[in-house]
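Just below is one structure, and these are the notes that go with it.
None of the figures in this text is laboratory data; all of them are computed from the coordinates on show. All values derive from a computational prediction rather than experimental measurement. Because the Cβ atoms are built from the backbone with ideal geometry, glycine has one as well, and the counts that use them run over all protein chains shown.
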Amino acid sequence: MTVLSEAEIRTFVEGATHYFEVAARQPAAIGSPYLVTDGSPAVHEYTGVIGISGRRKGAVCFTAPKAMLMVLLMRMNETDTSDANIKDLVGEVANTISGNARRDFGREFVISVPSVVSNPQGSQAPVPTDVHSYVIPINWRSHSAKLIVCLE
Amino acid sequence: MNDVVPPLKLLIVDDSNIIRRRIERSQQHDRLKVVGTAANGREAITIFTKTQPDVVTLDLTMPEMDGIDCVERLVEINPGVLILVVSALADKATAVEAIRRGANGFLCKPFTDRQLNEALAELLEGA
């Protein structure tokens, strides 16, 4: 089973940090990344999923509660906080962080278009269960979200 | 008598509605007027043919037809079009490939309003 290197994890930490600094114009506090060894990590109400293919295979997910996504939309001067736009946003965050990772992973790190799931309470991330996932906690304002990186 | 220069027509192409609206809202260049938006490459070609824009902002990761193929098609239709790629794909090879296929500039997501307007201004300066 592949374990992500410290440098690879740092790529995603920096991606999440950069996203909030630029898009939300307000930095997030990134917690210590941890490895989930037992099943898939739990997710929040909305999850954007990017499938990864090419040299690496797996998925990158950004999962967040509705309240956080609504504030994030407002910080971006978006007045339409409909369910469709909330789903669009959670997919776009996952897409942006995954796409930015190509700066370090290179062009062979192929990302899919985002798919979005709205999850009932206590759902688990839609990632392969035979590959360990890393969770990068993201705390922004009073909200908590997660970036889940699951790569072979 | 003053000569009135008509604004340049801008088409915004991105599969994210939020990004399309953001670019439309944030672009403050008085030489640009938004004439259409599209959510994928195929739709972009249809609207491009219909509205004949002078400038296109174009995402790369999209369903139906991706942005790199779309760049090539747009340039085939109008070799004089100015294309600003606006993408999260941050590797140098992708930017080089987009430029090689006919794009004129590359702006990496996420971006600030200022970065967007500077990228558009730079694009128009080269026009």
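The relative contact order of chain A comes to 38 percent, based on Cα pairs under 8 Å that sit 6 or more residues apart. Fewest neighbouring Cβ atoms within 10 Å first, the residues B:Arg21, A:Arg107 line up as A:Arg107, B:Arg21. Straight-line cross-link reach from A:Lys57 at under 27 Å between alpha-carbon atoms covers these lysines, not counting any fewer than eight positions away in the same chain: A:Lys87, A:Lys146, B:Lys92, B:Lys109. Applying both filters, DSSP loop and at most 13 other Cβ atoms within 10 Å, to the trypsin sites (Lys or Arg not before Pro) of the stretch A:1-72 gives A:Arg25, A:Arg55. One equal scatterer on each Cα of the stretch A:23-152, no solvent, Debye formula: the resulting log10 I(q)/I(0) at q = 0.13, 0.14, 0.16 Å⁻¹ is -0.50, -0.58, -0.77. Near the amide H of B:Val56, within less than 5 Å, lie the amide hydrogens of B:Leu11, B:Leu82, B:Ile83, B:Leu84, all on another chain or at least 5 residues away, with H placed in the peptide plane.
State the Cα centre-to-centre distance between the stretch B:68-85 and the stretch A:4-56 in whole Å. If we compute the Cα centre of each part, the gap is 33 Å. Sorting B:Met62, A:Met70, A:Met76 by the number of Cβ atoms found within 10 Å of their own Cβ, with the fewest placed first, yields A:Met70, A:Met76, B:Met62.
Count the net charge of all other residues whose Cβ sits under 13 Å from the Cβ of A:Pro65, scoring Lys and Arg as +1 and Asp and Glu as -1. The answer is +2. Translational diffusion of chain B was estimated from the Stokes-Einstein equation, with Rh taken as the Kirkwood radius over Cα pairs; at 20 °C and 1.002 mPa s the coefficient is 149 µm²/s.
Contact order, relative form, for the stretch B:8-125: 25 percent (alpha carbon pairs under 8 Å, 6 or more residues apart, mean separation divided by residue count). The helix-based estimate of mean residue ellipticity at 222 nm for the protein assembly as shown, built from -39,500 (n - 2.57) per DSSP H run of four or more residues and divided by its residue count, is -11500 deg cm²/dmol to the nearest 500. Note on B:Leu107, A:Leu89: ascending count of other Cβ atoms within 10 Å places them as B:Leu107, A:Leu89, the fewest first.
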